[in-house]
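The values are calculated or read from the model by the stated rules, or taken from the named source; none is laboratory data. Keep in mind that this is a model prediction, so the values were computed, not measured. Every residue, glycine among them, receives a Cβ derived from its backbone with ideal geometry; neighbour counts consider all protein chains shown.
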Amino acid sequence: MKTVAEILKSKADRTIYSTTPNASVFDAVTTMAEKNIGALMVLKAEELVGMITERDYARKIALMSRSSRETPVRDIMTSEVLYVGPDRTSDECMALIKPRDVTVMLSRVLQDYPD
C-alpha cells in the first residue's frame, strides 16, 4: 500500500497551484481547467485559508445559478481543510475522508517531500 509521499513523488507535475480569496470563481475554475486539476489551495498572504474544488463550483455556483465572474472564491471555498502527513497510506486517507463527505485532502508536506 502506497504512502502519501510515494504517491506525490510519482506525479509528473509537482507544481502547487493556488488562488486568493478575492479572485473570481471564474478565474479559479479557468486555472483548474487549464492545469487539468480539480482543486486549488486558497492562500491569503501565503497562509492557507481554504480550498476551492470543482465540486464547490458545481454545487454553489452552477446549481444555484450564480455568476462565477462576479462571485469571489471566499464565498464558496471550503474553509476547513483536511490534511495528512506523508507517512499516511492511501487506505488511511480514504478512511479519513469517507465519513466527512469530502473528495480532496492536502498533505502537509506538499513542498517538502523528497525526490
Among (1) surrounded by 12 or more Cβ atoms within 10 Å (Cβ to Cβ); (2) touching a residue at least 60 places away in the same chain (Cβ under 8 Å), the one test that D91 misses: (1)
Of T30, T71, T78, the only residue that is of a type in the set (V, I, T) and without any contact (Cβ under 8 Å) to a residue 12 or more places away in the chain is T30
Qualifying residue in segment 55-65 (condition: free of Cβ contacts under 8 Å to residues at least 60 places away in the same chain, surrounded by 18 or more Cβ atoms within 10 Å (Cβ to Cβ) and in a strand (DSSP E or B)): no
Looking only at segment 56-92, which residues are basic (K, R) and modelled with pLDDT of 90 or more? R59, K60, R66, R69, R74
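For every residue, the table says whether it meets (1) in contact with a Gly (Cβ under 8 Å, 6 or more places away or on another chain); (2) at pLDDT below 90.
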| position | (1), (2) |
| --- | --- |
| E6 | no, yes |
| S10 | no, yes |
| T15 | no, yes |
| V25 | no, no |
| A28 | no, no |
| A33 | no, no |
| E46 | no, yes |
| V49 | no, no |
| E54 | yes, no |
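Please state which one of K35, K11 is of a type in the set (K, R), over 16 Å from I61 (Cα atoms) and surrounded by 12 or more Cβ atoms within 10 Å (Cβ to Cβ). Can you show your working first?
Numbers: K11 fails: surrounded by 12 or more Cβ atoms within 10 Å (Cβ to Cβ).
Every option except K35 fails the conditions.
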